[in-house]
Structure formats: C-alpha cells, structure tokens
DNA sequence: GAGGGGAACTGAAACGTTTCAGTTTTTTGC
DNA sequence: GCAAAAAACTGAAACGTTTCAGTTCCCCTC
C-alpha cells in the first residue's frame, strides 16, 4: 500500500531493516558513540555535528530501539496502570485510560494496562512490576488509607501516583476528588429541600475516600440536625440485586429515608429503580445526590442532583504527575485535589 | 515490608539484582546456552538436566528479561489495542480492555493501549507499531469495509484481529456482533407492536457494521411494508445536542416516526430524552430498540426494547484469536460472529 | 579397536543501546 | 613555539537473551 508518507522506500532487495545508530554512524562517517551522544544532546559534542546527526536521523526516520535502550539502561519508557477488572459497570476505567494516553502521547512513554482481580491479592501486580522492572512508574486507584501497594512501591523506589489519597506517613503524588466537599454539598442540598432522614450508600469502606465521605457525611448530618439512616453491609460496588434488596429493606423500615447520597452513577440508578418499584419517585418522595462522570443519570432523571467528576482529567493529572515525578519533582508538588464546582 | 512471599531475601549487601540465565548457569554448573535451551524445552537437552534447571529457576524466581528476549528475537510479547479516545461516553472501551486482559493474564503477553484521535489519520498508530515493531499483534475496532489499517497490517505481515468484519478480499481474524440479526429483530419487534414509521439512528456510515445494519434495516422495513423515516446526517457518534436537534426535527415533521432503532445505549438515551421534551413517551407514543452492554437504559426505561452485546467477551474473543494467530492458526478459523439471543 | 553416529553440552557472536576510559585535535597561555 | 588544557570524537565493553557452529563423550557396529 502506498500511503504517500515521506518514509524512504524499502531497498528493492532485502526486507528493509530499520535504521539504527550504526546506520547513522555510517552515513555521517561518525562513530556510533558520537551519534548516540549527539542525539542525546550530550555537552561534549559539537553543535554542528549534533545538527547534522539530527538531520540525518530525521531524514531516514530513525527511532531508537526500545529493547536496546531498556536492556542497557533499565529504563522501560512504560507507565503501568493497575486496574481492577471487576466492579466497573460504567466504564470509568476507559476515561482514565484516555486521559493518561492523551497526556502520554508525544512522549516516549507507552501505557500498559496491568489488570488484577479484586478478589485476589492486590499486591500481585505491583510485585510483578517491581520484580521484573517492567515499568518506570505506576498508577493505581482504589486507594486504601494504609495502602500496602503504596508502601511497597515507596520502599522499592518505584515512582507512582495514586488515584485517591492515603493516610500514610510519607508523601507521594496523588490526584483526588474532594469527596468531603461533595458530602457536605450533598447534605446541604438535601437539607435545603427539607429532607431529614438521609441514607448514604458508601463505597467499600476499605477505600480511603469511603472513610472521608463517611466522615464528612456524619459531620454534616450532625451539624444540620438531620438523621443518619445507615445501610447494612452494602456498598456501591455490590450487585444490582444486593443494592435493591437493601434499599427496599430500608425504605420499608420505620425510618424511611427521604434523602440519599451516593458516590457512583451506577449505584444511583439501582437505588432509583429500587425505590420506583415501591412506587416512590425521586424529587417527590425523596431526593438523591450522586457523583457522576457523564450526564447519563441526570439525563434520565432530571430531578436527581448530580455533582460532576471527570475521570479523563484525573487521567491526564495522574500521568502528568508521574512524568514530573520521573523528572525529579517533589511528591508534595504533585498532589492535586479536584474540587467539585456545582451541584445541579 | 515483609510480605511473607517465598521470594528469596535480598542479599544483605547489594541491591539484590534479578537472577539471569547466568545466575542459573552458575548455580547449576551448566553453560548459559544449556540453561536457555533447557528452559525453552529444546530437544537436545537431557530430561534430568531440564528438570534440574527448571527447579533452580523456580526456586530463585527467575523471570526472563523481556528486553533481552526482545532485542535478540524481535518478539515483544506485546499485544497492542488501538483505541479511539473520543466518541465514547459509556466506557465500552474498558470492557474490551478487561476482556483482553483477562485472556492475556497467565500468558507472557502484555496489553498496551495505543490511542489515536479519531479526527486525525487512523493509520498513524498502525504505522508506528509496524515501523517500530512495538507489538507482536494488533487489535482494533471501528472497522471499515475497505479498512486501510487491515490492508497495511496484512501487507506487512503483522498479525491482527478486528472488532468488526471487513469487505476485504483476504481473510483475517475478527470478532463481530451479528448486527444484521439485530436489525431484523428490532424491526420485527417494532412491527409486532404496530409501529409503522421507523427511524434508524445509524453508526457513522464509514464503519462496516453501519452498512450491514442499514442494509438489514432497509430489507426488513421493505419486507414488512413499513416506512423508513431517515435522519439527515446524524449518527450515534454525534453530540447530544446534534442528536436532539435532529430527532426533534424528525418528530415534528409530517412523517413522525413511531419506532426507533439505534445501535448504542448513549444515543438511545439522547433520543428518549429528546422525545420526552416534546411530551412523547416511549412505550406509548413510540417504541425504541437499542443495543446495549449493561442494562442501564433498560433499568430506567423498562418500556425500551434492548438487545445485549457483551464487550468483555468480545475482548476475550479478540485476544484469543490473536494468540491463536500468533501460534499459527488460519484466519478462517478465527472469525467469530456473536449472535444476539433475545430482545427484551 | 577403529570409525561412525548420536546425545548432551558449550563458547562466541549478535541484537541496539549507553558508558567508561581513552585518544586525537584544537585552542589557550605565556 | 611549547606545554597544558579544553573540545571533539571514539573503540570496547556491557546489559540478557538466543542461535550458530562446534566439541566432547559414549555407545554401537563391523
């Protein structure tokens, strides 16, 4: 296929081998060391030579062989995103990925996705990456207050950024959504609508942001003199059936909640449809505040209150932090808190 | 952090270097060639030796250095998924990724995500991968009838599998959803409900499945004596506003449709909310059939008719095909058509 | 007991890169 | 005009793997 690119035509005979440093060395009459150093802008190479080498390199479409670089330097030019492959109905994961990819494009870095099964040991992928040196830096989410992955990576000197803060004693890069602000905003909005008995459907309590949300929720509920109607053993990660059962149980109980706070659109959908099965309508019989990334929920139930959280910008933020960490920036300067704007 | 794993403790002095073939060679008293061949189960190594080498390798946690292998053999042990980073509100992409990851885990293959901007040249990432040899095989979606990426990969001998068929003269692995069946089922269901004027909101017409769907749609509409009420220049990939404007235009026109067929949940949501703004209710004033992966849409508007398409199994199917292709399987044997089960 | 053949093993080279330790050439200082 | 210093360049080695081309040893055959 002739795609009209400027790339040189393969030599008519052989299978058109990729140019290497040796190719450039031969063409310029220089040594391969000089070519390498010229392309890496080393100080002991003449400016004219550098220019000449760069020109030839560009002309013949030279691209450094990653395996060569990696073997010699140990640098992989890979960022690894560790992703739970479960508990993800709406694809927040892909938006994170798109954000990271976007930030990484134009850099020499590739994104590799390292999956793990949430029911097994979350340390497995992290150990694998460290032991095999398969990435220069790591990004992960579902951060826990005393996250053993963060500790391990820190101890082993592997740069990383987390989607979500930790409670750990040392500093590390993170990107987080201000879930406490969200909690406060949610309760205020519910109180303003005259709602008094509030149920929080929390994220799994081992996650750091679940703790923060729960704290903010209790504080706000207390401050405004509302009542906390707790769910039993149910989180936004549970199945549709589990959530429906629990929500319907609570809605039939003595203290029927008239307000819900919930941290994911998918579970908000489950709550609403569970309530509707009992003939209860959002906006009339109860109000619900949810976090969501795209206005799917809002679209369908405009009565629902929604606070936006953008996973794509989280991705670009995380990738950016990780790149800066690799360039030597301090962890403290790489901590970004996304403050929710409005509730609508 | 002591994680209690069986991995040997780092030597108290140095920084605990990773074991290599040389390490095993030293420990067993064999040559490094022998060790290499033993681990690769070469025929000219004694069975006892192989066993011994494998034992030691396992004991010290030997893992082959990917850069070494790659540099020597050119094999990258990487599968590249080329993903458009736009036009993806609901994260189908992540389910594809999870499916692929799932299939790849336990193999030596890593998944790397190569993004591209749909508005620029789709050949860019494909050329990059081929030119730099950065993957052993490629998976991509948004397949076009005469897909230049497929042609290019085929011409350059790079194994690949597509999510969606093509019209090309040569065979290649693909995984596809039987969109024609979907179209026929949709029209039948609408006709059975007495709907007569049907509008199809198609995928972008340059995509292969858009053509197939359009064909099946027209055939079924003709066969059942219904009327096709076409949209103008609008597809499921357009923005919410664009879809809303066009749907409302068509709903206000002389031939107001009473049935909709649509190939993505996100755009179905837009259609419904556009119709509801005009006071039209699904199930009453019109029916709508959509394809969707998770029952988000169905959950909210149970009146809507839905056909399930699972992107995760598509991912495992694609990964499986690509692995088999790498193992030498014929393209013809790696073509999987997912037939939709029921409409509900 | 010489020769052939097979089984089991191995040293050296190569993949493409960077870095160590120079070497050569030019410039500077006096 | 000479020594010293600075600038510009370079060969060889090394990273870990596989493969080429052997080598060694032993057993079998005649």
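Evaluation of residue A:167 against the conditions (1) surrounded by fewer than 20 Cβ atoms within 10 Å (Cβ to Cβ); (2) at pLDDT below 95 shows that the sole unmet condition is (2).
With the requirement that a residue be more than 6 Å from DNA strand C (Cβ to nearest atom), outside any helix (DSSP H, G or I) and at negative phi, what does region B:29-50 give you?
B:40, B:42, B:43
Among the residues making up region A:56-74, a single one is at the interface with another protein chain (Cβ under 8 Å from one of its Cβ atoms), within 12 Å of DNA strand D (Cβ to nearest atom) and part of a loop (DSSP other than H, G, I, E, B): A:65. Here region B:166-182 is the region considered, the condition is being assigned to a loop (DSSP other than H, G, I, E, B) and over 18 Å from residue B:126 (Cβ atoms), and the residue that is farthest from the other protein chains (Cβ to nearest Cβ) is B:178. List pairs: first in region A:30-53 and within 21 Å of residue A:72 (Cα to Cα) and more than 6 Å from DNA strand D (Cβ to nearest atom), second modelled with pLDDT under 95 and not in a helix (DSSP H, G or I), Cβ under 6 Å, 6+ apart or cross-chain? Pairs found: A:38/A:45. In the list B:148, B:115, which residue meets the criterion of being without any contact (Cβ under 8 Å) to a residue 40 or more places away in the chain, within 8 Å of chain A (Cβ to nearest Cβ) and surrounded by fewer than 17 Cβ atoms within 10 Å (Cβ to Cβ)? Only one candidate passes the filter, namely B:148. Name the residue, out of A:94, A:101, A:80, A:84, that is modelled with pLDDT of 95 or more and more than 10 Å from DNA strand C (Cβ to nearest atom). Just a single option satisfies the conditions, and that option is A:80.
Being within 11 Å of chain A (Cβ to nearest Cβ), surrounded by fewer than 24 Cβ atoms within 10 Å (Cβ to Cβ) and farther than 22 Å from residue B:235 by Cβ is the requirement here; does residue B:281 meet it?
So residue B:281 does not fit the description; no.
Taking residue A:236, is it touching a helix residue (DSSP H, G or I) at 6+ places or on another chain (Cβ under 8 Å), surrounded by 20 or more Cβ atoms within 10 Å (Cβ to Cβ), part of a strand (DSSP E or B) and touching a residue at least 24 places away in the same chain (Cβ under 8 Å)? Here the answer is no, as residue A:236 does not meet what is asked.
Considering only region B:189-209, I want to know if a residue exists there that is in contact with a strand residue (DSSP E or B) (Cβ under 9 Å, 6 or more places away or on another chain), in a loop (DSSP other than H, G, I, E, B) and within 25 Å of residue A:296 (Cα to Cα). Scanning region B:189-209, I find at least one residue that is in contact with a strand residue (DSSP E or B) (Cβ under 9 Å, 6 or more places away or on another chain), in a loop (DSSP other than H, G, I, E, B) and within 25 Å of residue A:296 (Cα to Cα), so the answer is yes. Here B:301, B:312 are screened, and the one residue that is within 11 Å of chain A (Cβ to nearest Cβ) and touching a residue at least 60 places away in the same chain (Cβ under 8 Å) is B:312.
The values are calculated or read from the model by the stated rules, or taken from the named source; none is laboratory data. What you see is a predicted model; the values in this text were computed from it and never measured. Cβ atoms come from the backbone with ideal geometry, glycine included; neighbour counts cover every protein chain shown.
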